[in-house]
Amino acid sequence: MTVPIGAPADAEVDAPARPVAIAGRRPWTGRLGLHLTLAIISIVWLLPTISLLISSFRPEAATNTTGWWTAFTLPFEFTVQNYLDVLSRNNMGTSFLNSLLITIPATVIPIMVAAFAAFAFSWMNFPGRNVLFVLVVGLLVIPLQATLIPVLQFSVDLGIVGSFPAVWLAHTGFGLPFGIFLLRNFFGSMPREMFESAFIDGASPTTAFFRLAMPLAVPAIASLVIFQFMWVWNDLLVALVLVGGFPQVAPMPVTIANLVDSLGRNWHLLTSAAFISMLLPLFVFFALQRYFVRGILGGSVKG
Amino acid sequence: MIVMLVLAACTGDGGGSPGAGGSPGAGGEGELGGTISILAVYADAEQESFMAMIQPWLDQTGVEVEYTATRDINAQLTTQIAGGNPPDIAGLPGPGAMQQFARDGDLVPLDDVIDMDTYSTQYDQGWITAGTVDDQLVGIFTKVSVKGLIFYNPEQFAAGGYEVPEDFDGLTALVDEMAASGTPPWGIGLESGAASGWPATDWIEDFVLRQSGPDVYDQWVAGELPWSSDEIRSAFEAFGAWATDEAMVAGGPNQVINTAFGNGGDCLFADPAECYLHHQASFITGFFEDNFPDVAVAGETYDFFPMPGIEFNGVTTAGDLFGMFNDTPQARSLMQYLTTPEAQRIWVERGGAISPSKEVPADAYPDETSQRFAEIILSAETTRFDASDLMPAAMNEAFWGAVLDYVQDPDSLDGILDELDTVQESAYGG
């Protein structure tokens with residue numbers, strides 16, 4: 001098969017592509033404004049990250065005394081010393097492991113609980129269902145900081161303070177309202193007929209949940225995983241309060257924060273530390289991103 | 001593990017005679033065992049020095065340490081106390097916060113923990129007073145810094161033909177001479193995140209102490225002297241005469257506000273000089289050497305003289321307080337150990353610390369600069385702790401904000417001082 005030059009062959013087959021073809025016939029000036037706006041927004045959006053990246057390769061004295069944009073003037077001064085310094089600091093390896101030990105359960109547990117709860121809120125009839133749901137969604141507006149002291153007291157009473165289960169439980173609690181909200185709307189938008197026919201065929205709610213709802217909810221769950229994973233991975237406050245910051249249990253954000261001494265010196269190391277700690281979340285994001293956009297819109301348009 | 005071994009090695013060859021006399025842990029408990037939780041602001045190199053300091057005690061008692069570092073010590077401590085999970089021992093945010101913790105009954109009084117007779121011979125009364133609330137000792141100082149020092153670059157001084165002034169009139173004349181030559185004399189930076197403005201409060205404290213004397217200073221700290229009084233106003237004005245004048249400060253008042261405190265003295269090292277003088281506490285030398293690794297050399301490209309007295313002489317200081325929140329045998333033993341000259345000498349020898357203890361000799365300091373810092377503290381006739389740190393937290397924060405407003409708009413001083421008076425009325429009440 002020969003490939004025709006340009007896109008007309010596709011445009012004829014693929015209806016939505018037609019406007020593109022028409023726009024292509026018009027001079028490109030029509031879209032210039034759009035492209036320019038997009039380019040400017042992207043640059044403004046990326047600027048902080050780019051400056052962070054550039055700073056992370058600059059020597060300490062340069063970072064401390066001049067702005068990152070001066071990096072491109074002579075003499076060029078770039079170094080990987082910041083990365084070597086961060087990686088060789090106390091316990092960065094232990095902290096990475098601690099972060100995983102905190103983040104994975106603190107992502108899996110709330111999402112499992114949220115999925116069960118959301119399914120019940122969508123497809124099971126029980127008294128007080130709507131009141132309970134409104135209550136759970138209402139919890140979304142309570143700031144985490146306001147609950148920190150009662151949660152700490154509770155952990156002290158349970159005797160789990162200073163150990164990982166304390167953070168797992170806390171993150172489960174903090175993550176549930178949003179998880180339930182997102183998943184309930186996603187489950188709720190699934191066709192009623194599908195569940196009705198399943199129930200008529202004798203499926204129990206458990207079967208309907210595992211065989212029907214869950215496979216269809218993969219995009220929503222994937223985006224929830226991304227949210228929860230990033231939130232827990234980057235969390236400093238909850239971990240510092242509930243497990244403490246001593247090296248045996250400190251996760252990455254705590255260890256990274258401690259690169260800076262009491263007078264604020266060594267902050268240049270935060271630049272490279274930020275990129276190092278970003279690696280795993282980026283990996284998770286790119287692994288799940290094809291579900292992400294679909295999932296974040298989950299339930300927003302109810303068909 | 002490796003870190004611990006390295007630390008042990010460091011203390012082994014650097015730390016005087018830690019294991020020799022058995023003096024650490026004055027009670028002579030021997031094998032104490034158990035654990036101790038410590039919360040403090042020391043991270044990175046400071047953390048290593050702190051751990052080196054307590055290592056001989058750990059070796060002797062067999063206690064395991066759980067050390068947590070945080071820069072936001074006030075919030076962390078408050079949360080942990082309210083949550084029923086305070087650390088055994090913690091660095092305190094400052095004397096103002098210490099009073100709050102002590103009056104709330106969170107801090108364990110140290111009168112029967114520390115041998116007060118020995119303590120009062122080893123420490124100047126000023127340090128004991130600063131750690132005392134309602135006649136009970138609750139906080140001890142492990143390491144202190146000297147404030148109100150004026151740093152300069154001897155090479156630039158030589159190039160400009162300037163000399164270190166003998167007294168305050170000499171300083172004023174020198175500053176005017178520099179300004180007349182076209183280069184602003186002062187480099188000032190006030191930015192410090194949420195605590196922005198504190199370097200200017202140091203300036204004003206120095207002026208209050210030197211213009212109006214220690215008695216006025218104490219009344220001001222205690223909230224008994226209004227901010228709109230002549231004494232405080234003239235301290236603001238003396239600072240403003242330099243910090244808000246384009247000809248007197250590098251970059252003008254705008255740069256004063258926008259420059260991080262750690263970069264405030266950078267202009268000393270510019271070539272040709274962009275400023276000649278920088279007013280800051282003793283710890284700023286670390287910033288000089290970080291920012292200009294090959295250029296900043298003590299005694300050659302930077303040196304200092306204490307801010308001269310005006311009507312009165314005096315030295316302002318700051319320090320790191322430790323308090324005990326859980327009355328455990330381990331915590332008692334460590335508090336005793338931290339006050340000993342043997343312990344403090346370890347950090348002093350590693351550099352970056354000045355000991356408040358009279359028993360740590362000048363030759364323990366690793367270089368001439370820190371020796372001179374220590375001598376200023378030990379020989380001063382009047383020392384006063386940083387006033388803003390002694391004030392209640394609300395007052396302290398209002399003070400930080402007020403100096404920033406003042407530098408931006410010096411003409412609004414009346415309104416700023418009235419506002420501070422209003423805060424003063426409520427801040428001391430509770």
Which of the residues spanning the stretch B:252-274 are within 14 Å of chain A (Cβ to nearest Cβ) and not in a helix (DSSP H, G or I)?
B:Thr259, B:Ala260, B:Gly264, B:Gly265, B:Ala270, B:Asp271, B:Glu274
From the set of residues in the stretch A:251-269 that are at the interface with chain B (Cβ under 7 Å from one of its Cβ atoms) and not hydrophobic (A, V, I, L, M, F, W, C), which is surrounded by the most Cβ atoms within 10 Å (Cβ to Cβ)?
A:Asn258
Among the residues of the stretch B:48-75, the number that are more than 18 Å from B:Gln336 (Cα to Cα) and more than 7 Å from chain A (Cβ to nearest Cβ) is 6
Where the second residue is of a type in the set (S, T, N, Q) and buried (at least 17 other Cβ atoms within 10 Å of the Cβ) and the first is assigned by TED's automatic domain parsing to the domain that holds B:Val221 and lies in the stretch B:405-425, which pairs have Cβ atoms under 6 Å and are six or more apart or on separate chains?
B:Val407/B:Thr244; B:Pro410/B:Thr244
Of the conditions (1) more than 11 Å from every other protein chain (Cβ to nearest Cβ); (2) farther than 25 Å from B:Gly286 by Cβ; (3) in contact (Cβ under 8 Å) with a residue 24 or more places away in the chain; (4) surrounded by fewer than 20 Cβ atoms within 10 Å (Cβ to Cβ), B:Asp112 satisfies every one except a single condition; which number is it?
(3)
Can you pull out the residues in the stretch B:406-430 that are crowded, with 17+ Cβ neighbours inside 10 Å and under 27 Å from B:Thr244 (Cα atoms)?
B:Tyr406, B:Val407, B:Pro410, B:Leu413, B:Ile416, B:Leu417, B:Glu419, B:Leu420, B:Val423, B:Gln424
Quick test of your reading of the structure: B:Leu209 fulfils all but one of (1) within 14 Å of chain A (Cβ to nearest Cβ); (2) part of a helix (DSSP H, G or I). Name the failing condition by number.
(1)
Number of positions in the stretch A:66-96 that are surrounded by 13 or more Cβ atoms within 10 Å (Cβ to Cβ) and not in a helix (DSSP H, G or I):
6
For the stretch A:253-272, check the following and say yes or no: at least one residue is of a type outside the set (Ser, Thr, Tyr) and under 15 Å from A:Val167 (Cα atoms).
yes
So B:Ser282 fits all but one of (1) under 19 Å from the mean Cα position of the chain (by Cα); (2) part of a loop (DSSP other than H, G, I, E, B); (3) surrounded by fewer than 22 Cβ atoms within 10 Å (Cβ to Cβ); what number is the exception?
(3)
Which ones in the stretch A:170-193 are in contact with a Gly (Cβ under 7 Å, 6 or more places away or on another chain) and either within 14 Å of chain B (Cβ to nearest Cβ) or aromatic (Phe, Trp, Tyr) (or both)?
A:Phe186
From the options B:Glu237, B:Glu177, residue that is surrounded by fewer than 23 Cβ atoms within 10 Å (Cβ to Cβ) and in contact with a Leu (Cβ under 8 Å, 6 or more places away or on another chain):
B:Glu237
Between residues in the stretch A:195-223 that are under 28 Å from A:Thr107 (Cβ atoms) and assigned by TED's automatic domain parsing to the domain that holds A:Leu282 and residues that are part of a helix (DSSP H, G or I) and basic (Lys, Arg), which pairs lie under 9 Å by C-beta distance while being six or more apart or on different chains?
A:Pro219/A:Arg290; A:Pro219/A:Arg294; A:Ala220/A:Arg294; A:Ala222/A:Arg290; A:Ala222/A:Arg294; A:Ser223/A:Arg294
Boolean, B:Glu205 is surrounded by 23 or more Cβ atoms within 10 Å (Cβ to Cβ) and under 30 Å from B:Lys358 (Cβ atoms):
yes
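Search the stretch B:373-388 for residues being in a helix (DSSP H, G or I) and among the small types (Gly, Ala, Ser), and hand back the single one that is surrounded by the most Cβ atoms within 10 Å (Cβ to Cβ). Spell out the reasoning first.
So the first thing to find is which residues in the stretch B:373-388 are in a helix (DSSP H, G or I), and the list is B:373-379, B:387-388.
Going one step further and asking which of them are among the small types (Gly, Ala, Ser), we end up with B:374, B:379, B:387-388.
Values: B:Ala374: 23, B:Ser379: 9, B:Ala387: 22, B:Ser388: 25.
Filtering first and then ranking leaves B:Ser388.
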Checking A:Ser99 against (1) surrounded by fewer than 11 Cβ atoms within 10 Å (Cβ to Cβ); (2) part of a helix (DSSP H, G or I); (3) away from every other protein chain (no Cβ under 11 Å); (4) not hydrophobic (A, V, I, L, M, F, W, C), which single condition isn't satisfied?
(1)
I'd like to know if the stretch B:134-154 contains one or more residues that are surrounded by fewer than 20 Cβ atoms within 10 Å (Cβ to Cβ), among the β-branched types (Val, Ile, Thr) and touching a residue at least 12 places away in the same chain (Cβ under 8 Å).
no
Go through the stretch B:38-84 and count every residue that is crowded, with 20+ Cβ neighbours inside 10 Å and charged (D, E, K, R).
1
Could you please let me know if A:Asp261 is assigned to a loop (DSSP other than H, G, I, E, B), within 16 Å of the chain's Cα centre (by Cα) and either within 30 Å of A:Leu132 (Cα to Cα) or at pLDDT below 90 (or both)?
no
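Just to be sure, is B:Gln125 out of contact with any helix residue (DSSP H, G or I) (no Cβ under 7 Å at 6 or more places or on another chain), closer than 30 Å to B:Asn313 by Cβ and assigned by TED's automatic domain parsing to the domain that holds B:Ile38? Break it down stepwise before answering.
Working: out of contact with any helix residue (DSSP H, G or I) (no Cβ under 7 Å at 6 or more places or on another chain): yes; closer than 30 Å to B:Asn313 by Cβ: yes; assigned by TED's automatic domain parsing to the domain that holds B:Ile38: yes.
Yes; evaluated as a whole, the condition is true for this residue.
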Can you tell me which residue is nearest to the other protein chains (Cβ to nearest Cβ) among those in the stretch B:20-39 that are at positive phi and at pLDDT below 90?
B:Gly33
Between B:Gly131, B:Gly148, which is in contact with a His (Cβ under 8 Å, 6 or more places away or on another chain) and within 20 Å of B:Leu390 (Cβ to Cβ)?
B:Gly148
Looking at the stretch B:176-188, can you tell me whether even one residue there is on the phi > 0 side of the Ramachandran plot, touching a helix residue (DSSP H, G or I) at 6+ places or on another chain (Cβ under 6 Å) and in a loop (DSSP other than H, G, I, E, B)?
no
The residue from A:Phe178, A:Phe174 that alone is within 13 Å of A:Asp235 (Cβ to Cβ), assigned to a helix (DSSP H, G or I) and among the aromatic types (Phe, Trp, Tyr) is A:Phe174
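Results for (1) aromatic (Phe, Trp, Tyr); (2) buried (at least 17 other Cβ atoms within 10 Å of the Cβ); (3) away from chain B (no Cβ under 14 Å), shown as yes or no for each residue.
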| position | (1), (2), (3) |
| --- | --- |
| A:Val113 | no, no, yes |
| A:Phe116 | yes, no, yes |
| A:Leu158 | no, no, no |
| A:Trp168 | yes, yes, yes |
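The values are calculated or read from the model by the stated rules, or taken from the named source; none is laboratory data. As the structure is a computational prediction, the values presented were derived from the model and not from experiment. As a convention, Cβ positions derive from the backbone with ideal geometry for all residues, glycine included, and neighbour counts pool all protein chains shown.
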